[in-house]
Amino acid sequence: MKKIIILFNIICSIGIHSGFAQVESMNSIYPISPGMLFPALSGSDTTSSITAFSRHQWFGFKGAPTTYGVHYSGKVQKNIGVGIIAMHDQAGPIKNNLLAGDYGYRLRFSRKVSILGGIRVGVFNHTIAFRDLQVIHDGDPNLQQNYTTGFQLNAGWSAALEIGTFFIAFSEPRVRRIKFLDDSGNTSNFIDAANYYAMSGYRWETENLDIEPSILVRMAQNIPVSSDFNLTLRYRKVIDLSMIYRTKSSSRYRDWE
């Protein structure tokens, strides 16, 4: 049975890098569809799901953070799950496009205990359009160029442990570090930063309502660790309400030396 999830996100974000809060756009959607960050969890539910999402911030500002896409998660066999994600994301001069597929496998040790593993393979494109910025001083040569990775193949991995309705999961969605090229095709001083995720949660189930508290920890090179505290309410397995409190926000990119 398939379901279309209606998603509402209430997100509280604080931190010195709030201007880049939208760059890791999947962080606000994953409580509803955790396979977006953890390929091992693709197809882990008893039902298949299609999650369409759209997020807009700072209306009226040029380059305001915008994200939209779709994610599918479902079983193809008893212990095998698959996922598909397509997403476009923009935050200021940074634009990202993603089309990827996931494969997940469940190894059961007992009725309640399982280990899950997953891989992701897809096409990524990251762009930094510095020339579109309106700056006070035009003398910085770094701001006279646009930078892009082009469309690149990449892969990721994930692992998880389930004990009843408790789970803990780890993920590295992109294992390949990609250097950016400038307008002339020369290698720039920018490289995609490595990102790692850890998540743990528990589900209380009733006849009509499931309550799912969880926590996500995000780690990246040269970027402060950030944490999300989540509470998801699922009504009759159809309508989800997700509330997120984020302790920090940070950029995906760093200078490469």
field: Peptide ranges 47-55, 183-191, 80-88, 203-211 listed from the most packed, as the mean C-beta count within 10 angstrom indicates
entry: 80-88, 47-55, 183-191, 203-211
field: In sequence order, calculated HN-Hα J values of region 168-179 (Karplus, 6.51, -1.76, 1.60; Hz; x Gly/Pro)
entry: 9, 9, 10, 7, 10, x, 9, 9, 8, 8, 10, 7
task: Positive end of the charge dipole of region 56-181 (Lys, Arg +1 and Asp, Glu -1 on Cβ, about the Cα centre): tell me which of ILE168, GLN144, ILE115 has its Cα farthest that way.
output: ILE115
message: With θ taken as phi - 60° and the coefficients 6.51, -1.76 and 1.60, list the Karplus ³J(HN,Hα) couplings across region 53-61 in order, rounded to whole Hz; mark glycine and proline as x.
response: 9, 8, 9, 9, 10, 6, 4, x, 9
query: Highest mean first, what order results for 217-226, 64-73 on Cβ atoms within 10 Å?
result: 64-73, 217-226
message: So, R0 is 41 Å and r is the distance between the beta-carbons of HIS56 and ALA159; what FRET efficiency does that work out to, to 0.05?
response: 0.75
query: Between LEU231 and THR187, what is the FRET efficiency for a Förster distance of 41 Å, r being their Cβ-Cβ separation, to the nearest 0.05?
result: 0.40
task: Only Cα pairs under 8 Å and at least 6 apart count here; give the relative contact order of region 28-130 as a rounded whole percent.
output: 24
field: Relative compactness, region 144-248, computed as alpha-carbon Rg over 2.2 N^0.38 Å
entry: 1.46
field: Under the Karplus curve 6.51 cos²θ - 1.76 cosθ + 1.60, θ = phi - 60°, whole-Hz ³J(HN,Hα) for region 76-87, x wherever Gly or Pro sits
entry: 10, 9, 4, 10, 10, x, 10, x, 9, 9, 10, 8
query: Treating the beta-carbon of each Lys and Arg as +1 and of each Asp and Glu as -1, no other charges, what is the dipole magnitude of region 138-209 about its Cα centre, to the nearest 20 debye?
result: 300
task: Could you give the size of the charge dipole of region 146-257 about its Cα centre, using +1 on the Cβ of each K and R and -1 on the Cβ of each D and E, expressed in debye and rounded to the nearest 20?
output: 60
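If you wrap a convex hull around the C-alpha atoms of region 165-205 and split its volume per residue, what is the figure in Å³?
Output value, Cα hull per residue: 80 Å³.
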- prompt: Given region 207-251 reduced to its alpha-carbon atoms as identical point scatterers, what log10 I(q)/I(0) does the Debye formula return at q = 0.21 Å⁻¹?
  reply: -0.69
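No value in this document is a laboratory result; all are computed from the given coordinates. Keep in mind the model is a prediction, meaning the values are calculated, not measured. Cβ coordinates were reconstructed from backbone atoms using ideal geometry, including for glycine residues, and neighbour counts include every protein chain displayed.
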